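Student: Before we start, here is the structure in question, set down as structure tokens.
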Amino acid sequence: MYDVVLLSLTEGGGSGAGACGAACGGCGSGGAVPKACETPRVPVLKCAEALTAAGARVETVTACSDAEIDAVIARFDAPARPDGLCWPDQDSKLRLVVASATDGQLRAVSRRLVRRYAPPPSKRPADLADNRTVPDLPPVAILPLDPAGRTDLAAQLGLPREPAAVAGAVLGSVVRRLDLLRNDGGSVTVDGALIGGSDEAGAAVPWRGRIEVDDAVLSDGTDRIIACAIGNAGAYAEFDGLPLLSAPDPTDGRVEVAVAVPVVVKARFKKPRVRVEVRRARGRAVSILPRDGDLQFLDDGVAGTMTRKRSWWTEPGAWAVYAG
């Protein structure tokens, strides 16, 4: 039977040095942890009970910092390699359940997995796939803390949500490998990102930026863009009722990108009208170069800003989930 770690992240407060890491959101700061965070949520307790009843040895961990997430992940290390690289043990009998209130928390754990196991370019090993910068990361079971959620990644993937079903999945043998997006800001994306901000009334604020998907240019930096969606999965398939992504697939090895641009349409004897043109492309990587200073974005639901060029690229099949 397996040993299972049931990992929760602290919630509330700012990002800072909290369990989600810098600019991740969805977790507390690196300071004192509220006493309430020390008590596991009800779904976590129910999942632990189901795992124990099935014969598993269960440990519940509430991580309040990146260091505490890292301490859990380190238990998945393989024996020392001759090249000295830290590598995940593909034959480990330890299994991991991530209890997540948001996709941002799931991203936080994925980010720490990448930080631990991605080799530096100068030490790239021969046994790493040509289209990857990280090895196969250890699978995780996702335990959604919102049982009624309909839009999070677990719901999109059709994964079990009830604690007992999640327990059954992590003890089973069905694993689905999924693509992961890395970016040159040092983080990852498990679902998607929405680039562009809004005003106090919630209306989109137009912005300019050069957007490239592989060799395709979706905007040369002169368009007034109202939204740009980067899709590994479908969190940002729509924006304010406007369809953006057509069919994002986290298993096809490509990222789908959509850019919404208002276009003035002129017709004889009629007043000009504005329609929204959506430009789409798929590829291995996408880059965005802001033209007008700070550019707001949501990445797996976590807010941030960029002022410089930012690139995302696909790591095909880099992470995995227990699917039940």
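Every read-out reported here was derived from the displayed coordinates using simple, explicitly stated rules and does not represent laboratory data. Just so it is clear, the structure is predicted and the values come from calculations on it, not from any experiment. Using ideal geometry, Cβ is built from the backbone for each residue, glycine included, and neighbour counts are taken over all protein chains shown.
Student: Over the range 65-199, what relative contact order in percent results from Cα pairs under 8 Å that are six or more residues apart?
Tutor: 23
Student: In terms of modelled amide H atoms, which long-range or inter-chain residues lie less than 5 Å from the amide H of residue 2?
Tutor: Counting only residues 5 or more places away or on other chains, the set is 57.
Student: Hey, which aspartates and glutamates would be in cross-link range of residue 123, C-alpha to C-alpha under 16 Å, not counting anything within fewer than 8 residues on its own chain?
Tutor: 83
Student: First check a/c for the range 224-290, with a ≥ b ≥ c the square roots of the eigenvalues of its C-alpha gyration tensor; if it is under 1.5, answer rounded, and if not, answer prolate when a/b is larger than b/c or oblate otherwise.
Tutor: Since a/c reaches 1.5 and a/b is larger than b/c, the shape of the range 224-290 is classed as prolate.
Student: Which aspartates and glutamates, on any chain, are close to residue 46 with Cα under 14 Å apart, when same-chain ones fewer than 8 places away are left out?
Tutor: 59, 146, 162
Student: Right, another one. Determine the relative contact order of the range 215-324: mean sequence separation of Cα pairs under 8 Å and six or more apart, normalised by residue count, in whole percent.
Tutor: For the range 215-324, the relative contact order is 22 percent.
Student: Which value, in Å³ per residue, describes the convex hull spanned by the Cα atoms of the range 168-324?
Tutor: 138
Student: Work out, step by step, the length gained on full extension between residue 151 and residue 91: first 0.36 nm times the residue separation, then minus their alpha carbon distance; give nm to one decimal.
Tutor: Result for the pair: 18.3 nm of gain on full extension.
Student: Per the Kirkwood treatment, what hydrodynamic radius in Å, one decimal, follows for the range 276-324 from the mean inverse distance over all distinct Cα pairs?
Tutor: 13.7
Student: Shifting gears a bit: Find the relative contact order for the chain and round it to a whole percent, using C-alpha pairs within less than 8 Å whose residues are 6+ positions apart.
Tutor: Answer for the chain is 18 percent.
Student: Per DSSP helix of 4 or more residues, -39500 (n - 2.57); summed, then divided by the residues of the chain. What does that give at 222 nm, rounded to the nearest 500?
Tutor: -4500 deg cm²/dmol
Student: Rounded to the nearest 20 debye, what is the charge dipole size of the chain about its Cα centre when +1 sits on each Lys and Arg Cβ and -1 on each Asp and Glu Cβ?
Tutor: 940
Student: Straight distance only, please: which aspartates and glutamates reach the Cα of residue 93 with their own Cα at less than 13 Å, same-chain residues fewer than 8 apart left out?
Tutor: 3, 77
Student: What does the highest-first list of 253-260, 54-61 look like by mean Cβ count within 10 Å?
Tutor: 253-260, 54-61
Student: Largest first and in whole Å, what are the equivalent-ellipsoid semi-axes of the range 59-134 based on the Cα gyration tensor, each being the root of 5 times an eigenvalue?
Tutor: 24, 15, 11
Student: Rounded to the nearest Å, what's the spacing between the alpha carbon centres of the range 251-317 and the range 93-150? Just the number, please.
Tutor: 26
Student: Then there is this: For residue 324, what residues show an amide H to amide H distance below 5 Å, using hydrogens built from the backbone and excluding near sequence neighbours?
Tutor: 174
Student: I want the local charge near residue 87. Using Cβ-Cβ distances under 15 Å, sum +1 for each Lys or Arg and -1 for each Asp or Glu among the other residues.
Tutor: +1
Student: Let me see the pair-distance distribution of the chain: every alpha carbon pair, 20 Å bin width, integer percents in order.
Tutor: Bin by bin from 0 Å, the calculated values are 31, 55, 13, 1.
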